[in-house]
Amino acid sequence: MSDDFKDKFDLDDLKSAMNAATPTLDAARKAENLALANKNFADIQGSRIAARHTPRPNKWTGVMTMLNTLTSRAGLTVTTAIVACGFMIGTPQGRDILNLAPTARLAQPTPPDAAVLDPAGSVSVAPALADETTDDANVAALAEPVMEMAPAVMLSESRSREEADSAIGNPATAAPLSLTRAAPTNDLVAEGMALGQVVSAPEPNVAGIGEPDTESFANDTPNPLKITTEEPVSTFSIDVDTAAYALIRSSLTAGQLPPTDAVRIEEMINYFPYAYPAPDGQPFQPTINVFETPWNADTQLVHIGLQGEMPSIQDRPALNLVFLIDTSGSMESADKLPLLRQSFRLMLDNLRPEDEVAIVTYAGSTSIALEPTQAGERTTILAALNALNAGGSTNGQGGLEQAYALAETMKTDGDVSRVILATDGDFNVGLSDPRGLQAYIEDKRDTGTYLSVLGFGRGNLQDATMQSLAQNGNGTAAYIDTLSEAQKVLVDNLTGALFPIANDVKIQVEFNPSTVAEYRLIGYETRALNREDFNNDAVDAGELGAGHTVTAIYEITPVGSPAQLSDPLRYQAAQTASDSDELGFLRLRYKLPGETESRLIETTIPVLDRTQPNQEASFAASIAGFGQLLRDDTYLGDWGWDDAIALANQNRGDDPFGYRTEAVQLMRLAQSLSN
Amino acid sequence: MRMTVSDEDMALAAQNGDGQAFASLIARQYDRLFRLCFRLTGSKHEAEDLTQDICAALPAKLSSYKRQSKVTTWLYRVAVNAAHDRRRKQATYGRASDGWGDWELNRQAVIEENQTRADWLTIAMGSLPVDLRDTLALVLDDMTHADAGDILGISEGTVSWRLSEARKHLKSLKEKEGVV
């Protein structure tokens, strides 16, 4: 044997021996080590933030900041304040106040130290301080500079979003500009990457300090297959929320598959506007399509589309909006409060002068940041928005009480009152139990005030709490991850989002056992109702906004189809109650806004349409497939991502806003992530 | 088209405080890391402890990652250094605990573990000086000589030299045992 051969033998053999000897790793140990690493990561984030962001004012900072920002006019009125400040610098107590006061007053995005270090604690430095200082006439003058910033905002009251955004002096508000969602034509990944970095770059997620990733999602196990002879009736409430889709998008563009519980298929389907036939006389019009299931040639899809009427903008009643804004420490990062400010500014442009706006903020304590103001007074409203800053812990319910009380005072006849809650879902003080809050909101719902919930930011999002609030408060839950999403929710769909045309819309479908062997409702797991709830007007259900569309899809197995999964029973005679060839019967119940008695719409479900399936219905089916691929693909067989993408692509239609194009790109992203 | 986020981008996002990116990154790399730890230590028990040490310290080390290098290169460097630290600590501990029962028990346990798979691999690796062993471990883990040099902070030439030294060692070992 030559030396040469031996040499070779050495390393190759050593390598294979090494590979063979490598023990399988211990999964429990792995999980433990990963958890340890993540915990240490979170800990270190905390200390890094504290080190980087802790304001270190010396005794001059307060005075310097104040002098730099004072104008001559304010300066004159404040001469005495300067003297007083001098006095305060001279005394230790005064110095304490001064050191923190500029932070609280000048709307700097940095919260005071205590809030950063202990986001979960109940210390609320900023509000407490504000209370303390407003009494003090001298220090109150420090608030002047904030108000002085407002004209700067006013000057460029251009409709151009970019300009309006850059006009805001606060550097923090400029950051999320780059959050704009990837344009459908661009390479989504590249954009997604940029997004991930931009979101995290300005300042790490404050919410992640103590408990990273404390997200919770509301969902139920996917609807099982039902056998028509055993359970012919299916009842559920409509759902016009869109939060799930935006959450999925935010996960996918960050390069991760969404948690399965975050996937609520009905919200994905209902994210898209569909061109269903417009109603005539009724508030909404049901349309039913039956066509072959894309993922199973032996079953059919029953597609139920509701199209809400779109009243003309001039006819809409005046709006009373109470923005209830979470200003807890966790709202500080760029994709939360700053994005929220920009979002609300977009919305403000679309309100009419007679609409009224108020702002209530809540953190450790609740305060009214803006008394009810006509939407025409943009300066005042924008100034109040810009003055918001994050700090302290969160007391969700205190804020809700205040907001509802304020909405009550704004109410006049014929108005629509709505509380718009903007939060990262963190209710960590007081009644944080979703059910306790729910009971409170159910109570308030009867006063006629609607509640919408807008979710911001990731890492801490309490999706379950948001869902619970919106569903019980007669409202919608949307998740805003980018400025484009804000545009969709608060501008494009403003009318639909704010003006309800039908309350408590319930859907009940009775399938005909002589034609349908099995059926399965796709999505709507969290919206299921009992059969008897349908006729009970006291039972709450979803609201339909002006111009909204709602889509529900059943997969049915016709009698005699080879796709039938259950075997017929041996000891029970097959009952065929009717010889009708209808597939089933659809009943809808709804209440007109302000009414307490429900109205009924009834229609039959026609038999299979063998012509080319309707484009809108097919697109909805592709999204249903997308959702099932993300969540549970038991019923999809071999149908996979390529099929979903092809189906969605064929049925994109006009797509004026690019939503459907974006959906196709998300599917492709999900496809490569799930490989 | 692969659209998965690269390790490098994940590491940068993690540097900027993205907890999710960090979690994904480490979950992705864990198995590889463990494999290397095994090559460096030669025992499952030791490899697990070493991996734990690295996991615990990794968040703090994250700032040392630079965009120019691959994440694996950086991670391996961290691992090799951690292995080195651990060996030094054990040497100290071993001296300090001379005569302590549990140290002896531990040692016996390790010996026993090694004996149960008493192949020439253990003996061979164990007989190598530490620096040669580290180098060999990296090269056996499909690292190029250049990468290995980068990780160990030595030149590529030194890596090649160490490898030939290691081969010589192993060859003489085999000849001694008469195993070919």
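Every read-out reported here was derived from the displayed coordinates using simple, explicitly stated rules and does not represent laboratory data. A quick note: this is a predicted structure, and the numbers were derived from the prediction, not measured. In this analysis, Cβ positions are derived from the backbone assuming ideal geometry, glycine residues included, and neighbour counts consider all displayed protein chains.
Highest mean first, what order results for A:33-39, A:338-344 on Cβ atoms within 10 Å?
Highest-to-lowest ranking by the protection proxy: A:338-344, A:33-39.
Which lysines does A:LYS411 reach when only Cα atoms under 26 Å apart count, and residues fewer than 8 places away in its own chain are ignored?
A:LYS444, A:LYS591
Counting only other chains, what is the mean number of Cβ atoms within 10 angstrom of the Cβ of each residue in peptide A:21-31?
On the way: counts 9, 9, 10, 3, 11, 4, 0, 0, 6, 8, 2.
Mean shielding by partner chains, rounded to a whole number: 6.
Given Cβ point charges of +1 (Lys, Arg) and -1 (Asp, Glu) and nothing else, what value in debye, to the nearest 20, does the dipole of segment A:313-498 about its Cα centre take?
On the way: 13 positive and 24 negative charges, 44 e Å.
So the magnitude is around 220 debye.
What order do you get for A:SER330, A:SER514, B:SER155, A:SER312 when you list them from fewest to most C-beta neighbours inside 10 Å? Don't skip to the answer; put the middle values down first.
Working: A:SER330 33, A:SER514 19, B:SER155 13, A:SER312 8.
In order of increasing Cβ crowding within 10 Å: A:SER312, B:SER155, A:SER514, A:SER330.
When a footprinting reagent is the concern and you count Cβ atoms within 10 Å, what order do A:PHE499, A:PHE217 take, fewest first? Kindly include the intermediate steps, with their values, before the conclusion.
Numbers: A:PHE499 23, A:PHE217 20.
By the 10 Å Cβ count, ascending, the order reads A:PHE217, A:PHE499.
Other chains near B:38-49: what is the mean number of their Cβ atoms within 10 Å of each residue's Cβ?
3
If packing is taken as the average count of other Cβ atoms within 10 Å, what order do A:486-492, A:346-352 fall into, highest mean first? Before the final figure, lay out the partial values.
Details: A:486-492: 21.1, A:346-352: 17.3.
Going from most to least packed, we get A:486-492, A:346-352.
Please give the peptides A:20-29, A:260-269 ranked by average Cβ packing (other Cβ atoms within 10 Å per residue), highest first, as a rough proxy for protection.
Going by the mean number of other Cβ atoms within 10 Å, highest first, we get A:260-269, A:20-29.
Taking every residue in B:52-65, how many Cβ atoms of other protein chains lie within 10 Å of its Cβ, on average?
4
Taking the Cβ of each residue in A:TYR519, A:TYR245 as the centre, tally the other Cβ atoms inside 10 Å and list the residues starting with the fewest. Each step should come with its number before you reach the end.
Values: A:TYR519 24, A:TYR245 29.
In order of increasing Cβ crowding within 10 Å: A:TYR519, A:TYR245.
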